[in-house]
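These notes concern the structure reproduced below.
The values are calculated or read from the model by the stated rules, or taken from the named source; none is laboratory data. Note that the structure is predicted; figures quoted are calculated from it, not measured. Cβ atoms come from the backbone with ideal geometry, glycine included; neighbour counts cover every protein chain shown. Remember, those area values only see protein heavy atoms, side chains included, never the ligands or the DNA or RNA. Shrake-Rupley method; radii C 1.70, N 1.55, O 1.52, S 1.80 Å.
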Amino acid sequence: MTEPSIKLEDWAQGISMRAGPVSLGLYQPSPETMEYWHGIERRELMLRQCPACQRCFHPKRIVCSDCGSSELTWVRASGRGSVYSFSEIHRPPSATFATGVPYINGLVRLEEGVHLFTRFIPEPGPVRINAPARLDFRVLESHWLLPVFLVG
Amino acid sequence: MTGKLGYSAAIVSIGRCVTKRDDAAILTALQLGAIASSRAIQNAGIKRRQIGAFFTGRCPTSYRTLQYNQTLLNELKIAPVFNTEVTAHGAGALGTIELAVLAVNSGLVDYALCVTNEASGVWLKDKVGQNAAGESNPQFEAPYGPTTPSLYAQVACRYLHEYGATSEMMAKVAVENRHWALTHPHAAMRNRGAITIEDVLNSRMIASPLHLLDCAVNYPGGISTAFIITRAELAHNHSNPTWIAGFGQQTTHEWISERMGAYDLDVIGHEPNLTNTGCATAARQAYEMSGLKPDDIDIVQTSAPFSFVHLMMLEELGFCKKGEGGPFVMDGHIDFDGGLPFNTMGGYLSFGQMAQGLYNLHETIDQIWGQAEGRQVPDAHVGLVHGHGGILASHSVMIVSRERA
Ligand SMILES: [Zn+2]
């Protein structure tokens with residue numbers, strides 16, 4: 001597997017992931033999230049924002065849950081945040097991820113007020129609730145280039 | 001308004017079919033569902049053409065069909081006028097019964113058949129990989145390598161941080177669950193002996209702060225449970241109707257990271273968080289509908305695949321104050337010897353988890369009718385059953401009673 005380059009015309013084919021004999025399904029960047037994935041290729045973390053109320057949202061949002069607007073725009077995150085929750089994984093979901101154990105997944109609270117699921121890397125560490133976290137990009141065990149957060 | 005629904009319908013028949021991995025003939029989810037349903041119809045003493053409503057939980061993961069509700073009704077040769085799958089994760093299991101109460105009270109149908117069935121323990125070997133695929137967002141979570149324990153662990157991390165609960169408090173639940181499992185003929189851990197808090201803390205770390213013995217055991221086989229529900233006037237024609245005193249359900253999100261995008265909702269509060277769940281809303285509605293309060297409940301089953309979830313649910317169900325689930329269990333309030341009868345099959349941690357479990361409701365009804373051989377709780381007349389699914393996304397609560405209020 002190689003690092004994917006996402007094209008809109010490819011989205012419905014997805015990218016298959018397996019855990020032993022079991023399919024983990026297709027990771028499918030889809031038309032409404034394509035800009036998030038293009039942002040990652042530029043090493044930028046993109047969020048959704050409502051132009052009317054300025055509130056920022058998870059990149060998957062389609063409508064504003066404050067004013068109902070469906071005209072959300074894309075905005076680049078500052079990359080600064082803090083650890084909201086985390087877990088150190090010792091039992092991986094598949095052989096693919098076994099090379100990385102133990103690794104830490106969790107929720108980061110971005111200064112824009114959005115929470116994202118992510119990988120926390122203890123550089124310098126340690127990972128604990130409310131510790132400052134800053135954006136980086138790494139190719140993880142899934143062979144995907146993904147936004148991660150360095151903690152400490 | 002909800003007062004009218006309390007005690008308005010009853011469960012008048014149950015059918016069950018269980019298969020274990022060691023059985024000579026291993027049954028599929030569809031076989032289990034068809035056999036349990038047929039038993040429920042026969043036990044009710046009604047004809048299949050009297051089944052007006054037919055509600056199933058979500059399609060079994062081990063038996064995928066596009067319209068599973070139709071797959072099963074096709075086997076039973078019934079022709080309901082109101083049928084659908086109820087897919088609020090694990091909460092959809094009790095959701096089928098809630099829908100049945102509404103259906104029989106509408107007068108459009110007399111009898112409703114509700115069924116859940118699953119056999120994934122037999123057919124899907126890699127539950128860790130398969131569950132992670134089903135319980136994480138394919139774009140925004142799965143590429144990071146989450147497992148189901150690690151997704152629930154996000155909530156555990158916050159719960160321990162916000163309320164000062166400890167690993168010992170979580171472990172205590174696993175210890176008490178195991179005691180009950182040793183008394184149940186179908187429990188996965190029936191022959192594995194008692195465990196101590198130290199055993200739990202010394203078991204290997206799966207996803208911090210969850211040790212192996214903090215996690216549910218996948219049920220080594222398959223289970224189907226089927227119920228016939230009818231309204232009060234017809235229930236009186238059947239022996240031993242179990243009254244549905246009250247119920248409630250709430251769903252707040254899909255994936256765990258999306259949960260933190262939910263805000264300004266009554267159950268959550270103004271700020272997003274992971275530790276207020278829909279269980280509190282579901283419980284409040286069930287208590288209001290039934291006119292009962294936590295003190296009136298004789299026996300409780302919670303749907304909790306990890307030890308800390310039991311602590312949270314004890315709080316949200318009103319058995320103790322928010323944040324006091326840990327001290328509550330450490331003080332002996334759910335002890336096998338002398339505490340509130342709690343997860344009398346052994347819970348998901350020691351009976352085993354079989355998706356879409358209506359078997360918790362079956363157990364409760366066995367207990368309140370004095371039919372729980374070898375593990376009978378004395379004088380249990382009112383039981384509460386909690387169902388949940390997703391990463392604490394959907395919750396159902398149902399209170400059942402031997403007597404009609
Ligand atoms: Zn807006």
> So which strands (runs of 3 or more DSSP E) stay within the stretch A:60-112 end to end and still have 3 or more residues that are within 16 Å of the ligand (Cβ to nearest atom)?
Replying inline: A:73-76
>> As an exercise: evaluate A:H143 against (1) part of a loop (DSSP other than H, G, I, E, B); (2) at pLDDT 95 or above; (3) under 17 Å from B:Q139 (Cβ atoms) and give the number of the one condition it does not meet.
In response: (2)
> If you check every pair at least six apart or on different chains, which have Cβ atoms under 8 Å apart with a residue in the stretch B:175-199 that is over 15 Å from B:Q353 (Cβ atoms) and in contact (Cβ under 8 Å) with a residue 12 or more places away in the chain first and a residue that is among the β-branched types (V, I, T) and surrounded by fewer than 17 Cβ atoms within 10 Å (Cβ to Cβ) second?
Replying inline: B:V175/B:T196
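Of all the helices (runs of 4 or more DSSP H) wholly in the stretch B:301-378, which have at least 1 residues that are acidic (D, E)?
Values: elements: B:307-316, B:325-330, B:347-350, B:359-368.
In the stretch B:301-378, the matching helices (runs of 4 or more DSSP H) lie at B:307-316, B:359-368.
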> Of all residues in the stretch B:1-51, which are among the small types (G, A, S), at pLDDT below 95 and open to solvent by 30 Å² or more (accessible area, probe 1.4 Å)?
Replying inline: B:G3, B:A24, B:A25
> Just checking, how many residues over the stretch B:233-259 are within 14 Å of chain A (Cβ to nearest Cβ) and open to solvent by 10 Å² or more (accessible area, probe 1.4 Å)?
Replying inline: 5
> Given the conditions (1) over 23 Å from the mean Cα position of the chain (by Cα); (2) surrounded by fewer than 21 Cβ atoms within 10 Å (Cβ to Cβ); (3) part of a loop (DSSP other than H, G, I, E, B), which single one is not true for B:V109?
Replying inline: (2)
>> I'm told B:Q353 meets every condition in (1) of a type outside the set (A, V, I, L, M, F, W, C); (2) within 23 Å of B:N218 (Cα to Cα); (3) open to solvent by less than 20 Å² (accessible area, probe 1.4 Å) except one. Can you identify the failing condition by its number?
In response: (3)
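In the set A:R119, A:R138, A:R109, which member is under 13 Å from the mean Cα position of the chain (by Cα), open to solvent by less than 30 Å² (accessible area, probe 1.4 Å) and within 13 Å of another protein chain (Cβ to nearest Cβ)? Steps first, please.
Numbers: A:R138 fails: open to solvent by less than 30 Å² (accessible area, probe 1.4 Å); A:R109 fails: open to solvent by less than 30 Å² (accessible area, probe 1.4 Å).
Testing whether each residue is under 13 Å from the mean Cα position of the chain (by Cα), open to solvent by less than 30 Å² (accessible area, probe 1.4 Å) and within 13 Å of another protein chain (Cβ to nearest Cβ) leaves just A:R119.
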>> I'd like the full set of residues that are of a type in the set (A, V, I, L, M, F, W, C) and at pLDDT below 95, limited to the stretch B:59-72.
In response: B:C59, B:L66
> Residue check, A:S94 against (1) open to solvent by less than 50 Å² (accessible area, probe 1.4 Å); (2) without any contact (Cβ under 8 Å) to a residue 40 or more places away in the chain; (3) within 8 Å of chain B (Cβ to nearest Cβ), all met but one. Which one?
Replying inline: (2)
>> Please pick out the residue among A:S78, A:S82 that is farther than 20 Å from B:E258 by Cβ, more than 10 Å from every other protein chain (Cβ to nearest Cβ) and without any contact (Cβ under 8 Å) to a residue 60 or more places away in the chain.
In response: A:S78
> Which members of the stretch B:308-333 meet the condition of being surrounded by fewer than 24 Cβ atoms within 10 Å (Cβ to Cβ) and closer than 10 Å to B:E176 by Cα?
Replying inline: B:G332
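Within the stretch B:382-397, track down each residue that is among the aliphatic types (A, V, I, L, M) and either open to solvent by 10 Å² or more (accessible area, probe 1.4 Å) or more than 10 Å from the chain's Cα centre (by Cα) (or both). Show your work before the answer.
Let us first name the residues in the stretch B:382-397 that are among the aliphatic types (A, V, I, L, M), namely B:382, B:384-385, B:391-393, B:397.
B:V382, B:L384, B:I391, B:L392, B:A393, listed by residue number.
Taking only the stretch B:282-300 into account, find how many residues are assigned to a loop (DSSP other than H, G, I, E, B) and either free of Cβ contacts under 8 Å to residues at least 40 places away in the same chain or hydrophobic (A, V, I, L, M, F, W, C) (or both).
At the first step, the residues of the stretch B:282-300 found to be assigned to a loop (DSSP other than H, G, I, E, B) are B:291-293, B:297-298.
Right, trim to either free of Cβ contacts under 8 Å to residues at least 40 places away in the same chain or hydrophobic (A, V, I, L, M, F, W, C) (or both) and you get B:292-293, B:297.
Residues that pass the stated criteria total 3.
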>> I'd like to verify a number: residues in the stretch A:46-59 that are away from chain B (no Cβ under 12 Å), more than 8 Å from the ligand (Cβ to nearest atom) and hydrophobic (A, V, I, L, M, F, W, C), how many?
In response: 1
> Which is modelled with pLDDT under 90, under 30 Å from B:K4 (Cα atoms), of a type in the set (S, T, Y) and within 20 Å of the chain's Cα centre (by Cα), of B:T87, B:T56?
Replying inline: B:T87
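Does B:S136 satisfy being within 14 Å of another protein chain (Cβ to nearest Cβ), buried (at least 21 other Cβ atoms within 10 Å of the Cβ), modelled with pLDDT of 85 or more and farther than 22 Å from B:I14 by Cβ? Don't jump to the end; show me each part of the working.
Details: within 14 Å of another protein chain (Cβ to nearest Cβ): yes; buried (at least 21 other Cβ atoms within 10 Å of the Cβ): yes; modelled with pLDDT of 85 or more: yes; farther than 22 Å from B:I14 by Cβ: yes.
It is true that B:S136 is within 14 Å of another protein chain (Cβ to nearest Cβ), buried (at least 21 other Cβ atoms within 10 Å of the Cβ), modelled with pLDDT of 85 or more and farther than 22 Å from B:I14 by Cβ.
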>> Is it the case, given these coordinates, that B:L212 is surrounded by 24 or more Cβ atoms within 10 Å (Cβ to Cβ) and closer than 28 Å to B:T61 by Cα?
In response: no
